[in-house]
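All remarks here apply to the structure that follows.
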Protein chains: 4
Amino acid sequence: MSGLDPAKKWFRCSDRERAAFEAGIKMGSVYHQYVGAPVNASNVEALERAIEAGVRVQPFVDDVRVRIDRSKIRAKRGAPYKYYSVTGDMLDVWVRVKYADAVAECAMAYVPELRYPLMRVVDLREG
Amino acid sequence: MSGLDPAKKWFRCSDRERAAFEAGIKMGSVYHQYVGAPVNASNVEALERAIEAGVRVQPFVDDVRVRIDRSKIRAKRGAPYKYYSVTGDMLDVWVRVKYADAVAECAMAYVPELRYPLMRVVDLREG
Amino acid sequence: MSGLDPAKKWFRCSDRERAAFEAGIKMGSVYHQYVGAPVNASNVEALERAIEAGVRVQPFVDDVRVRIDRSKIRAKRGAPYKYYSVTGDMLDVWVRVKYADAVAECAMAYVPELRYPLMRVVDLREG
Amino acid sequence: MSGLDPAKKWFRCSDRERAAFEAGIKMGSVYHQYVGAPVNASNVEALERAIEAGVRVQPFVDDVRVRIDRSKIRAKRGAPYKYYSVTGDMLDVWVRVKYADAVAECAMAYVPELRYPLMRVVDLREG
């Protein structure tokens, strides 16, 4: 794959570090593109699939899974204002990036201990 | 419908003007939520359907149609960088809002004469 | 001013309705552009001023005020994760739009009774 | 610094790889948060400073510089529609991230050869 990367010459890092960098880009892009989007039970699945499809078109993505926490978008009273905006703490995202022989798996999930939607590297290996 | 609007007391305008205001909100929200999203031929339809579904959960929306201009996301050379970000001039959006007896139809489309993705009221009527 | 609007011919509504529509666009754009942005005490004022400046460049805006609720971005423990993302319920926005002789004032603020960041028309008048 | 990172236990990578991951997050977040924002000569500097301030509140950021290409937001005719939306090819961003002894410098700039706003690691070192 890296033989096919016409941008490789502009990077000053190893393939593993590149995989980590690319993984970080995908995490940041999901969060900042879709936080704020309107969501309730009726469109949550279409939104999850669209976010996944949008990640897949980005460079070096091998696989992706997006889940929005249903417990946080439960039916609300007071129609017509019965929906939510996506927030970081609703998002459960997993992405696998491959760059040459390096494979980075990263994830985003809310960590109650930190009160923070943590983006992290869950695995980084060669081949 | 307006009998069902628990927020009506906070507005100082007619039902027609309210319909126009609500229509404007939806136009602004589509543009500023989804511009920047990654798109190419493989995910364009999932994205269009997700944008539509996201508009439908918002208040007073009766119908919506979103189309992303395929001629602007044509296959690009230079994998793996062969995708685009949604821009305003790709978006073709039509939304119908109903508030009480007022119906506002609005649209967004790129206007070459203005070099601008114009959001406009295409029809506003009572019942 | 409307004499100066080269797009007027594409609208099917009165000047008052147009002012309401334009006001709605600005509300939707502030919400969906800036929700998700990183914020804490150190950058909140720069962000408020930048949001205001971004509204001012949009068509027919006469005045704008943006305030992010400080009580919702209070110092957090657990450096380096001690910041927030902008959410709708932090935003307090007021915009005045003028279109020809019509003046629309609109506002966004969280309404506890609705548990919703309501965008509303607070005044709409001629001249 | 990594002694101060309460999240370190959830990562499976080296400090250098972590620095690369964090750098990627910041690149993705700038792009997807601010693309679409309204901009012209009157607010470009306030926006640049606000983007920089927003990056600085994120974890492990040591320094940042954001520049929006003035040649792409030149005065446009046809008031009141004389402004632009931020696009990726306008953005020139440089960020330095420090994680423990690892320092990652990354940048985003439009690369004509790729017709793509490339995010890249320009330097990655220890100490």
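Coordinate-derived values only; no laboratory data. This is a predicted model, so every value here is computed, not measured. Backbone-built Cβ (ideal geometry, glycine too); neighbour counts: all protein chains shown.
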*Within region B:82-98, is even one residue over 27 Å from A:ALA75 (Cβ atoms), surrounded by fewer than 19 Cβ atoms within 10 Å (Cβ to Cβ) and touching a Leu at 6+ places or on another chain (Cβ under 8 Å)?*
no
*Among what's in region B:1-17 and is within 7 Å of chain C (Cβ to nearest Cβ) and either in contact with a Cys (Cβ under 9 Å, 6 or more places away or on another chain) or not aromatic (Phe, Trp, Tyr) (or both), pick the residue that is nearest to A:ILE25 (Cα to Cα).*
B:ALA7
_Looking at region A:110-124 only, could you name the residues that are surrounded by fewer than 19 Cβ atoms within 10 Å (Cβ to Cβ), more than 8 Å from chain D (Cβ to nearest Cβ) and touching a strand residue (DSSP E or B) at 6+ places or on another chain (Cβ under 7 Å)?_
A:TYR110
*asked:* Looking at D:GLY88, D:GLY54, can you tell me which residue is closer than 22 Å to C:ASN40 by Cα and within 11 Å of the chain's Cα centre (by Cα)?
replied: D:GLY54
*asked:* Please count how many residues of region C:11-52 are buried (at least 21 other Cβ atoms within 10 Å of the Cβ), in a loop (DSSP other than H, G, I, E, B) and of a type in the set (A, V, I, L, M).
replied: 2
*Which of the residues that make up region B:53-99 are in contact with a helix residue (DSSP H, G or I) (Cβ under 8 Å, 6 or more places away or on another chain), in a strand (DSSP E or B) and within 14 Å of chain A (Cβ to nearest Cβ)?*
B:VAL61, B:VAL64, B:VAL66, B:ILE68, B:TYR84, B:SER85, B:VAL95, B:VAL97, B:LYS98, B:TYR99
*asked:* Suppose we filter B:VAL35, B:VAL39 for residues that are touching a residue at least 12 places away in the same chain (Cβ under 8 Å), closer than 20 Å to A:VAL30 by Cβ and under 12 Å from the mean Cα position of the chain (by Cα); which single one remains?
replied: B:VAL35
*From the set of residues in region A:100-123 that are outside any strand (DSSP E or B) and among the hydrophobic types (A, V, I, L, M, F, W, C), which is nearest to A:MET27 (Cα to Cα)?*
A:LEU114
*C:ALA102: more than 14 Å from chain D (Cβ to nearest Cβ) and surrounded by 19 or more Cβ atoms within 10 Å (Cβ to Cβ), yes or no?*
yes
*Would you say B:LEU114 is of a type outside the set (Val, Ile, Thr), farther than 22 Å from D:TYR34 by Cβ and in contact with a Cys (Cβ under 6 Å, 6 or more places away or on another chain)?*
no
_Where C:PRO59 falls short, out of the listed (1) closer than 30 Å to C:LEU4 by Cβ; (2) in contact with a strand residue (DSSP E or B) (Cβ under 7 Å, 6 or more places away or on another chain); (3) surrounded by fewer than 24 Cβ atoms within 10 Å (Cβ to Cβ); (4) not aliphatic (A, V, I, L, M)_ = (2)
*Return the only residue of C:ALA104, C:ALA100 being at positive phi and touching a residue at least 60 places away in the same chain (Cβ under 8 Å).*
C:ALA100
